[in-house]
């Protein structure tokens, strides 16, 4: 007779069998099925994020330089399919030039691309960066000269930038620091001049008193207004994609508030002319061959000058053309008196009273005239622009002077980036932060925080509760008093205080890690007490069961009774608590970040905190995605918790 004995399953096999039963039960229930699907999704996203994250992302993700190729606060590009029309981004990296040529002794590398603007808004700018080597030839260092040429749909072809890379601490053949075409080195004045010429932006002489010199002065004011508008509203680099608005591209008017403030100056001019008139009246002019009729004629000129200046004192009524006519009339009226006073000055005896009076009058008239010449500057101008739709050709020319006879190519890389007004599938935040990237890399941080904190809380709570309930006595008393203390300390104020201190205590690149670990430790310390009290009550009930007494009678140790009979019965309840506890750490981190207690790592809470800091609550693509991810993670574990509750308590299955 052959006797067969069954092999005792290993611990691993037992574990796999138990997990199959648990997951099978979860899959049979609708909440469990939904929770498992979401959990697999979150775990998959986290694994992908950990596998693809760059080594410096955690440190540099808040730096504007890291996101310099991205537009600022741009919605996702799929909004265009909903009827919106935003300009698309265009990042074009070049490892090789589109053409290489030698002109004379110069090596020239060209990088050319095109961009079509068909939206009703402009872009956020054109951005060019070039990485080029330092060439050494016959004892001299040759750095390239980089020129950016733009051909616009309206026919304007202009040089937008011309610059050289910084030399840095490099040697022959090494790559120079990256050279960038930015707002600071854009040739704005030249570009505005081309716009004014192309679109015939001039001022009719009739608007400025019929004087060509005033026309030029006001056109200079309009030019300054155009430069200011392009600099402030379009940040210069977006100026490439706009044109003067039609039919009205500018507006000029008096700066009436400034004119009101100049009233004391006008009164002073009139009083100074009065002094000249008084001196002319008392001066013996007959000795200089000047008749009384001539004197009266000159006094009338001075009165006319006063009358023209008086008109300037009423800025609410005077028109722009009247303003220039009054200035020109006052200046013209002062010319004849000046000629007569010059006659007196040159014919008076040296050091005589007449010479001194004539000198003072000439000085006064010249001072008033100079003040009048400055008054056209009290014109304010506004410039208006609109997007210029069409096809743009952008060419980056990298020229090495004097090396073409010896060197025929160079390892130059160029990037031509047009920053549109949309980006990717989720959009960008301030500094150009790619929200999708932060959501991706925030997933493993959120899950790690939630799971580690929840597991730690549950393990401590279960162990403390079982020990307290099973052994009783002074051990029970000590544990329960600790539980009372922890449950009565106000948690949120304490977290805010500790978080504020941590902001100043921790420094360096690992500051974010230390602060997150501190938050997790505090959550663990304060999170196990409630579970320990519940497990203690369960343990007090279980240890009075007959099978526990039987185990003791058979000589079972306390450790065996705890792990063999008590621990398995409380573990299912503890598992449900664990699942419900996972979102707590994620929500606390997000809440503290929003309150300003930042740690510096890319988490979903940090995105919400940035939105709060920038007061951009209306930017939906900045607020909703991190909020949805936090809610989705919480929902995942709530669904799993509901399913586990139904497994632990069968009566819930019929409810």
So, of the residues in the range 71-114 that are under 27 Å from the mean Cα position of the chain (by Cα) and free of Cβ contacts under 8 Å to residues at least 60 places away in the same chain, which turns out to be surrounded by the most Cβ atoms within 10 Å (Cβ to Cβ)? 84
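Quick one: would you say residue 259 is more than 24 Å from residue 152 (Cβ to Cβ) and buried (at least 18 other Cβ atoms within 10 Å of the Cβ)? Step through it out loud before you land on a result.
Values: more than 24 Å from residue 152 (Cβ to Cβ): yes; buried (at least 18 other Cβ atoms within 10 Å of the Cβ): yes.
Yes.
Listed here are the residues, each with its yes/no results for (1) in a loop (DSSP other than H, G, I, E, B); (2) at pLDDT below 85; (3) touching a strand residue (DSSP E or B) at 6+ places or on another chain (Cβ under 6 Å); (4) surrounded by 16 or more Cβ atoms within 10 Å (Cβ to Cβ).
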position: 509; (1), (2), (3), (4): yes, yes, no, no
position: 512; (1), (2), (3), (4): no, yes, no, yes
position: 516; (1), (2), (3), (4): no, no, no, yes
position: 519; (1), (2), (3), (4): no, no, no, yes
position: 524; (1), (2), (3), (4): no, no, no, yes
position: 532; (1), (2), (3), (4): no, no, no, yes
position: 538; (1), (2), (3), (4): no, no, no, yes
position: 544; (1), (2), (3), (4): yes, yes, no, no
position: 551; (1), (2), (3), (4): no, yes, no, yes
Qualifying positions in the range 266-293 - touching a helix residue (DSSP H, G or I) at 6+ places or on another chain (Cβ under 7 Å) and farther than 24 Å from residue 326 by Cβ: 279, 283, 285, 288, 290
Flag for residue 171 being at pLDDT 85 or above and either assigned by TED's automatic domain parsing to the domain that holds residue 392 or farther than 23 Å from residue 389 by Cβ (or both): no
Given (1) exposed (fewer than 13 other Cβ atoms within 10 Å of the Cβ); (2) assigned to a loop (DSSP other than H, G, I, E, B); (3) at pLDDT 85 or above, residue 177 misses just (1)
Output the number of residues of the range 576-596 satisfying the condition of being in a helix (DSSP H, G or I) and either without any contact (Cβ under 8 Å) to a residue 12 or more places away in the chain or surrounded by fewer than 19 Cβ atoms within 10 Å (Cβ to Cβ) (or both). 5
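From the list 262, 251, 233, pick out the single residue that is on the phi < 0 side of the Ramachandran plot, within 29 Å of the chain's Cα centre (by Cα) and modelled with pLDDT under 90.
On the way: 262 fails: within 29 Å of the chain's Cα centre (by Cα); 251 fails: within 29 Å of the chain's Cα centre (by Cα).
Being on the phi < 0 side of the Ramachandran plot, within 29 Å of the chain's Cα centre (by Cα) and modelled with pLDDT under 90 holds for just one of 262, 251, 233, which is 233.
So, in the range 184-196, of the ones that are within 26 Å of the chain's Cα centre (by Cα) and within 16 Å of residue 385 (Cβ to Cβ), which residue ends up surrounded by the most Cβ atoms within 10 Å (Cβ to Cβ)?
Checked the range 184-196; the qualifying residue surrounded by the most Cβ atoms within 10 Å (Cβ to Cβ) is 186.
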I'm trying to understand the selection: among the residues of the range 133-152, which are outside any strand (DSSP E or B) and either under 30 Å from the mean Cα position of the chain (by Cα) or not assigned by TED's automatic domain parsing to the domain that holds residue 406 (or both)? 152
In the range 314-341, what count of residues is obtained for those that are more than 14 Å from residue 206 (Cα to Cα), touching a residue at least 40 places away in the same chain (Cβ under 8 Å) and surrounded by fewer than 16 Cβ atoms within 10 Å (Cβ to Cβ)? 1
Kindly establish whether residue 231 is out of contact with any strand residue (DSSP E or B) (no Cβ under 8 Å at 6 or more places or on another chain) and closer than 30 Å to residue 367 by Cβ. no
Members of the range 56-70 found to be part of a helix (DSSP H, G or I), touching a residue at least 40 places away in the same chain (Cβ under 8 Å) and buried (at least 18 other Cβ atoms within 10 Å of the Cβ), listed by number: 58, 67
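Given the structure, is residue 21 touching a strand residue (DSSP E or B) at 6+ places or on another chain (Cβ under 7 Å) and over 30 Å from residue 619 (Cα atoms)?
Working: touching a strand residue (DSSP E or B) at 6+ places or on another chain (Cβ under 7 Å): no; over 30 Å from residue 619 (Cα atoms): yes.
Judged against the criteria, residue 21 is not a match.
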Quick test of your reading of the structure: residue 435 fulfils all but one of (1) modelled with pLDDT under 90; (2) closer than 26 Å to residue 608 by Cβ; (3) in contact with a helix residue (DSSP H, G or I) (Cβ under 8 Å, 6 or more places away or on another chain). Name the failing condition by number. (1)
Considering residues of the range 197-209 that are assigned to a loop (DSSP other than H, G, I, E, B) and touching a residue at least 24 places away in the same chain (Cβ under 8 Å) only, the residue surrounded by the fewest Cβ atoms within 10 Å (Cβ to Cβ): 199
Looking at the structure I just gave you, is residue 165 under 23 Å from residue 403 (Cα atoms), buried (at least 19 other Cβ atoms within 10 Å of the Cβ) and over 30 Å from the mean Cα position of the chain (by Cα)? no
Over the range 481-501, the set of residues surrounded by 16 or more Cβ atoms within 10 Å (Cβ to Cβ) and either outside any helix (DSSP H, G or I) or without any contact (Cβ under 8 Å) to a residue 60 or more places away in the chain (or both) is 483, 486, 498
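The values are calculated or read from the model by the stated rules, or taken from the named source; none is laboratory data. Treat the numbers as computed from the prediction; the structure is a model and nothing was measured. Using ideal geometry, Cβ is built from the backbone for each residue, glycine included, and neighbour counts are taken over all protein chains shown.
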